[in-house]
Amino acid sequence: MQEDEKNHFSAATDTILYEFYVDDMLKSVNSLEEAVQLSQDLIEVLSTAGLTLRKWSSNSRELLDHIPPYLRDERSCLDLELSNPTVKTLGIKWEPRSDIFRFTVPQWNPATEITKRIILSDFAKLFDPLGLVGPSLVPSKVFLQDLRRTKCSWNDILPEELQVL
C-alpha cells in the first residue's frame, strides 16, 4: 500500500491491514456516516490494486443503498423487515435483521473406538478465528494437552481415562 493512500485513507488502510481474514472482512462502526465513508474508501483503495470487494452485507438498509447493487451480497438485497437472511463468513452465521451471531456445533464422529486421529479431526471442525467462543473451547484445549502427554500414536485407542466424552 502506498504511503499517500495510508495517509489519505487511514481508516480504510487500518481495516485492510487488521480486519481482513484471508478474503473476508468483518467490521463494526459507530455510525452510518462512518460506515458510508469507510465503504467508499475501501472500494476506492482496493480498486487501485485491481481488487473488488463483493458480497457486501449490512444490517443497515441505508448503508446498502450506498453500495452498488452488483457488489452487494444477494441475501442483503432481501427485505430486512420481512425475512431473516443469514450471512455466513469465517465459520460464523450472522442474522443482519436481528444482529445476532450464531455458531453451529459440528457433528462429532460417533466412533466407538476413539483414537487420537478422530479427536484431532473432530477438534479441527471448531473454527473461531475471531475468538468469540474461545472461553467455551478451553476444556477442549486442556483435553488436547492431556492427549498429547499420553504420547499415543494416531490410530491407538485412547486410554480409558481420556475416553470420557
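The values are calculated or read from the model by the stated rules, or taken from the named source; none is laboratory data. Remember, predicted model here, so these are calculated numbers, not experimental data. Don't worry about glycine lacking a Cβ; one is built from the backbone with ideal geometry, like all the others, and counts go over all protein chains shown. For the accessible areas, the whole protein counts, side chains as well, though only heavy atoms, and no ligand, DNA or RNA atoms are used. Shrake-Rupley method; radii C 1.70, N 1.55, O 1.52, S 1.80 Å.
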Open item on the list: Checking K125 against (1) farther than 25 Å from W94 by Cβ; (2) surrounded by fewer than 15 Cβ atoms within 10 Å (Cβ to Cβ), only one condition comes out false. Which one?
Closed with: (1)
- [ ] Filter the range 105-122 for residues that are open to solvent by less than 90 Å² (accessible area, probe 1.4 Å) and in a loop (DSSP other than H, G, I, E, B) and give the result.
- [x] P106, N109, A111, I114
Open item on the list: Can you tell me which residue is modelled with the highest pLDDT among those in the range 1-20 that are surrounded by 11 or more Cβ atoms within 10 Å (Cβ to Cβ) and of a type in the set (D, E, K, R)?
Closed with: D14
TODO: For P139, state whether it is surrounded by 10 or more Cβ atoms within 10 Å (Cβ to Cβ) and out of contact with any helix residue (DSSP H, G or I) (no Cβ under 6 Å at 6 or more places or on another chain).
DONE: no
Task: Residue that is modelled with the highest pLDDT, among those in the range 21-50 that are assigned to a loop (DSSP other than H, G, I, E, B), in contact with a helix residue (DSSP H, G or I) (Cβ under 9 Å, 6 or more places away or on another chain) and of a type outside the set (S, T, Y) - done: V29
